[in-house]
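> Structure in structure tokens, see below.
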Amino acid sequence: MSATAQIGVTTLIGAERAEVIFSRFKAKHPDVALEYREGCVEELQNMFKLRQADLIIVPHDTDFELDADILRLPLMLEQLFFIPRFSERSRWEAMECVTVSDIAAEAFVLLPDNCGLTRTTRHLFRSQGHAINAYEHRATGYQSMLDFVDASLCSVTLPESKIRDYPGTVIPIVDNGRPVAIEYIVFGQASNLPRKKFTELWDCLLESKLTVTRPSPCSTTRAFSGIKSATN
């Protein structure tokens, strides 16, 4: 390998999905190695500021202040879903979609504020004039959150990629009839890569800018068991 790109991703993205995102570049540039590092949002931001990463992919975060010469690209959207506690599923199964106001009275288990999901969820509720009713205990991971649901302890909100194989009821969250989604941003700077290789990497991202879940209107997305991706 002639060069190595250091890429930081949160666990919401994960190294496996990062491989898909950068597959176009890998096919065109087999001489460049891509090394992924999963970490919490603050850790990735610090890595980036210390020039220990060429790219980081994180949920949109207005608190992340960067120099004007740092490259920034809105990369993709991923729709958020409401998963009601097991004992309450029958009450929600007929719902095509829900708003934050619909679910504000529910108790929600949250993760430690590392990957960006908890921050995003709290911001979503605040933006709609609600404080999230957080369950007294924290989950340890995405599967742990679903375990709380199955035990009828509380409900959760999760993006599609974390509930693909979940057999329970999941319902799209909407705002004014439009799906609510996490926006992922990629930040870039030539830290480890030579400038020419970094430019080629960034250009490939521009070419392959994608939407993990293309949100569909509420009227076309129903409550269902398992996950159903919206289509064009």
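The values are calculated or read from the model by the stated rules, or taken from the named source; none is laboratory data. Remember, it's a predicted structure, so these values are computed and weren't measured experimentally. All Cβ positions, even for glycine, are placed from backbone atoms using ideal geometry, and neighbour counts span all protein chains on display.
> Is it the case that region 77-90 has a residue that's free of Cβ contacts under 8 Å to residues at least 60 places away in the same chain and either at negative phi or surrounded by 20 or more Cβ atoms within 10 Å (Cβ to Cβ) (or both)?
The answer is yes, given that some residue of region 77-90 is free of Cβ contacts under 8 Å to residues at least 60 places away in the same chain and either at negative phi or surrounded by 20 or more Cβ atoms within 10 Å (Cβ to Cβ) (or both).
> Something else about it: Going through region 43-76 one residue at a time, which ones are small (Gly, Ala, Ser) and either within 17 Å of Leu158 (Cα to Cα) or exposed (fewer than 13 other Cβ atoms within 10 Å of the Cβ) (or both)?
Ala68
> Just to be sure, is Leu34 modelled with pLDDT of 95 or more, under 17 Å from the mean Cα position of the chain (by Cα) and more than 30 Å from Val149 (Cβ to Cβ)?
Judged against the criteria, Leu34 is not a match.
> Looking at Arg51, Arg24, Arg72 in this structure, which one is closer than 15 Å to Asn192 by Cα, basic (Lys, Arg) and more than 16 Å from the chain's Cα centre (by Cα)?
Among Arg51, Arg24, Arg72, only Arg51 is closer than 15 Å to Asn192 by Cα, basic (Lys, Arg) and more than 16 Å from the chain's Cα centre (by Cα).
> Same structure again: What's the total number of residues in region 91-103 that are in a helix (DSSP H, G or I), crowded, with 16+ Cβ neighbours inside 10 Å and of a type outside the set (Val, Ile, Thr)?
Residues flagged as in a helix (DSSP H, G or I), crowded, with 16+ Cβ neighbours inside 10 Å and of a type outside the set (Val, Ile, Thr) within region 91-103 amount to 1.
> Right, next: Could you check region 106-146 and list, in sequence order, the residues that are charged (D, E, K, R), over 17 Å from the mean Cα position of the chain (by Cα) and assigned to a loop (DSSP other than H, G, I, E, B)?
Within region 106-146, just Glu106 meets the criteria.
> If you go through region 13-22 one residue at a time, do you hit one that is at pLDDT 95 or above, surrounded by fewer than 17 Cβ atoms within 10 Å (Cβ to Cβ) and either not hydrophobic (A, V, I, L, M, F, W, C) or not in a strand (DSSP E or B) (or both)?
Taking every residue of region 13-22 in turn, none turns out to be at pLDDT 95 or above, surrounded by fewer than 17 Cβ atoms within 10 Å (Cβ to Cβ) and either not hydrophobic (A, V, I, L, M, F, W, C) or not in a strand (DSSP E or B) (or both).
One line per residue, one yes/no per condition, for (1) in contact with a Lys or Arg (Cβ under 7 Å, 6 or more places away or on another chain); (2) in a loop (DSSP other than H, G, I, E, B); (3) at pLDDT 90 or above:
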{"position": "Phe25", "(1), (2), (3)": "no, no, yes"}
{"position": "Glu42", "(1), (2), (3)": "no, no, yes"}
{"position": "Gln52", "(1), (2), (3)": "no, yes, yes"}
{"position": "Val58", "(1), (2), (3)": "no, no, yes"}
{"position": "Asp67", "(1), (2), (3)": "no, yes, no"}
{"position": "Arg72", "(1), (2), (3)": "no, no, yes"}
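> Only residues that are hydrophobic (A, V, I, L, M, F, W, C) and surrounded by fewer than 17 Cβ atoms within 10 Å (Cβ to Cβ): list them for region 104-134, please. Don't jump to the end; show me each part of the working.
Taking region 104-134 and keeping what is hydrophobic (A, V, I, L, M, F, W, C), we get 104-105, 107-111, 115, 117, 124-125, 131-132, 134.
Within region 104-134, Ala104, Ala105, Ala107, Ala131, Ala134 qualify.
> Within the bounds of region 80-90, is there any residue that is in a loop (DSSP other than H, G, I, E, B) and within 18 Å of Val156 (Cα to Cα)? Steps first, answer last, please.
Of all residues in region 80-90, those in a loop (DSSP other than H, G, I, E, B) come to 84-85.
Still in the running and within 18 Å of Val156 (Cα to Cα): 84-85.
Yes, that holds for at least one residue.
> Answer yes or no as to whether Ile182 is buried (at least 21 other Cβ atoms within 10 Å of the Cβ) and at pLDDT below 95. Outline the logic, then answer.
Numbers: buried (at least 21 other Cβ atoms within 10 Å of the Cβ): yes; at pLDDT below 95: yes.
It is true that Ile182 is buried (at least 21 other Cβ atoms within 10 Å of the Cβ) and at pLDDT below 95.
> Of all residues in region 29-41 being of a type in the set (Asp, Glu) and either farther than 26 Å from Ile173 by Cβ or without any contact (Cβ under 8 Å) to a residue 12 or more places away in the chain (or both), which is surrounded by the fewest Cβ atoms within 10 Å (Cβ to Cβ)?
Asp31
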